[in-house]
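First up is the structure itself, then whatever we jot down about it.
The values are calculated or read from the model by the stated rules, or taken from the named source; none is laboratory data. Just so we're clear, the structure is a prediction, and the values are computed from it rather than from any experiment. Here Cβ is always computed from backbone atoms with ideal geometry, including for glycine, and neighbour counts include all displayed protein chains. Accessible surface is based on the protein model in full, side chains and every heavy atom, while ligands, DNA and RNA are left aside. Shrake-Rupley method; radii C 1.70, N 1.55, O 1.52, S 1.80 Å.
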Amino acid sequence: IDDLQFLIGKDNTQEEFFHTFNALIDAGKQIVVSADKSPSDLSGIEDRLRTRLGCGMVADLHATTYELRLSILQAKAQGQGVPVPPKVLEFLAHKITTNVRELEGALNRLIAHANLFGRVVTMESAQEVLHDVLRAHDRRVTIEEIQKRVAEHYSIRLTDMSSPRRARNVARPRQIAMYLAKQLTSRSLPEIGRRFGGRDHTTVMHAVSRVAELMQADAAFAEDVELLRRMLET
């Protein structure tokens, strides 16, 4: 029974629920109840009903973590007859964070599509099949968020993102923030430049190409940038 708090103030419904509750417990049945508060905090629910609810196991449920979502997907994917690459499961666990049922539904849809069309599950096919679900879960990342996250990651001041300073320990994080702003937002190059201290759009273009070059040449640097991207997207 979901949302027991909606019984508050409904005396007749509470009376019926009380007797139904007793009948089920007397018959050796189990009842699972959810509410937005613990039984002791449900003011407006009759004491006799609240004490019965408190006699059971009371658990405080929180939003799922990435690790839990991934474990759920791994367990569901086993024995389905369609191999699902670990990278696809990790991708889904990162992207779909609000609802476990929706998470399981996305996996079932992916497996059903693979069975129906005889296709191998890949990252590309997952993005194609689940494009509507994934689009609904895309976060709208702002340039301000990117600047703050990158500044914290590289231990520089947030004001350095728009300052004229050209020291490498400041300029490189600023370029990375411009690159991520181009990748993760729909802002134009001139708009991005204005958010970084009124810089010209050609400066942003140079930053984007420079970061892309460094990511190709330096695996550790690429991993660092991808970590920042994941942190901003989830």
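Below, the figures for the structure above:
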{"quantity": "Residue identified as under 23 Å from LEU61 (Cβ atoms), open to solvent by 40 Å² or more (accessible area, probe 1.4 Å) and not aromatic (Phe, Trp, Tyr) among VAL100, VAL120", "calculated": "VAL100"}
{"quantity": "Tally of residues being closer than 19 Å to PHE221 by Cα, among the small types (Gly, Ala, Ser) and either open to solvent by 10 Å² or more (accessible area, probe 1.4 Å) or part of a loop (DSSP other than H, G, I, E, B) (or both) across the stretch 155-187", "calculated": "3"}
{"quantity": "Those residues of the stretch 36-50 which are within 33 Å of the chain's Cα centre (by Cα) and modelled with pLDDT of 85 or more, in sequence order", "calculated": "PRO39"}
{"quantity": "Of the criteria (1) on the phi > 0 side of the Ramachandran plot; (2) at pLDDT 90 or above, which one GLY118 fails", "calculated": "(2)"}
{"quantity": "Contacts under 9 angstrom Cβ, first residue in the stretch 109-127 being over 15 Å from ILE96 (Cβ atoms), partner surrounded by 14 or more Cβ atoms within 10 Å (Cβ to Cβ) and hydroxyl-bearing (Ser, Thr, Tyr), 6 or more apart", "calculated": "HIS113/SER125; ALA114/SER125; ARG119/SER125"}
{"quantity": "The stretch 49-66: number of residues that are more than 30 Å from LEU103 (Cα to Cα) and exposed (fewer than 11 other Cβ atoms within 10 Å of the Cβ)", "calculated": "1"}
{"quantity": "Meets criteria (closer than 28 Å to ARG230 by Cα, loosely packed, with under 11 Cβ neighbours inside 10 Å and out of contact with any helix residue (DSSP H, G or I) (no Cβ under 8 Å at 6 or more places or on another chain)) for ALA75", "calculated": "yes"}
{"quantity": "Pairs where the first residue, in the stretch 211-232, is surrounded by 11 or more Cβ atoms within 10 Å (Cβ to Cβ) and the second is at pLDDT below 90 and not in a helix (DSSP H, G or I), C-beta under 7 Å, 6+ apart", "calculated": "LEU232/VAL141"}
{"quantity": "Those residues of the stretch 188-198 which are open to solvent by less than 50 Å² (accessible area, probe 1.4 Å) and outside any helix (DSSP H, G or I), in sequence order", "calculated": "PHE196, GLY197"}
{"quantity": "Residue within the stretch 34-43 that is assigned to a helix (DSSP H, G or I) and open to solvent by 70 Å² or more (accessible area, probe 1.4 Å) present", "calculated": "yes"}
{"quantity": "Pick from the stretch 61-80, criterion at pLDDT 80 or above and of a type in the set (Gly, Ala, Ser), ranking: farthest from ASN115 (Cα to Cα)", "calculated": "SER71"}
